[in-house]
Amino acid sequence: MVCKDSEARRDYVIGLLIKLGFQVHFKPQGSFFIFAELPENWLFSDVDFVENLIKKAGVAAVPGCGFFHPPTNGQRYQRRYVRFAFCKSIATLTAASERISELVSGKDDSMLRK
């Protein structure tokens, strides 16, 4: 069972990601990581997103492709997920959420959507 403090952090990050268009298919019950699918209308891969997130927003995440077998037959889902950690303080999560929101809200032309 997740303690109340961790649960609040988890729910905060999940709420932010959903608001930004990410899909969260599973709410973690005992870890500090959220595995979220990139919004459907985004043109770039998990690696592209994470590189931009680190370089332009100063926020770290992990591309999900490392958690899948290599793609076969043109499968793309392996390149659509990002792993976020929510084990930081609320102040850090709040600052990160503001940076992520600014980056993906269209204020940065390099984060093109369909």
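The values are calculated or read from the model by the stated rules, or taken from the named source; none is laboratory data. For clarity, every value in this text was computed on a predicted model and none was experimentally measured. Positions of Cβ are backbone-derived with ideal geometry, glycine not excepted, and every protein chain shown enters the neighbour counts.
Here are a few things to note about the model shown:
- Filter result for Asn41 (under 13 Å from the mean Cα position of the chain (by Cα) and of a type in the set (S, T, N, Q)): no
- Val2 modelled with pLDDT of 90 or more and surrounded by 13 or more Cβ atoms within 10 Å (Cβ to Cβ): no
- Against the numbered list (1) of a type in the set (Asp, Glu); (2) surrounded by 14 or more Cβ atoms within 10 Å (Cβ to Cβ); (3) out of contact with any Gly (no Cβ under 9 Å at 6 or more places or on another chain), Glu102 comes up short only at (2).
- Qualifying residue in the stretch 1-8 (condition: over 10 Å from the mean Cα position of the chain (by Cα) and within 20 Å of Val104 (Cβ to Cβ)): no
- Just one of the numbered conditions (1) farther than 17 Å from Arg9 by Cβ; (2) assigned to a loop (DSSP other than H, G, I, E, B); (3) in contact with a Leu (Cβ under 8 Å, 6 or more places away or on another chain); (4) modelled with pLDDT of 90 or more is not true of Met111: (4).
- Considering residues of the stretch 56-83 that are modelled with pLDDT under 95 and charged (D, E, K, R) only, the residue farthest from Ala95 (Cα to Cα): Arg76
Yes/no per residue for (1) in contact (Cβ under 8 Å) with a residue 12 or more places away in the chain; (2) under 18 Å from Gln78 (Cβ atoms); (3) not aromatic (Phe, Trp, Tyr):
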residue	(1), (2), (3)
Ile14	yes, no, yes
Pro28	yes, no, yes
Ser31	no, no, yes
Ile34	yes, yes, yes
Asn52	yes, no, yes
Pro63	yes, yes, yes
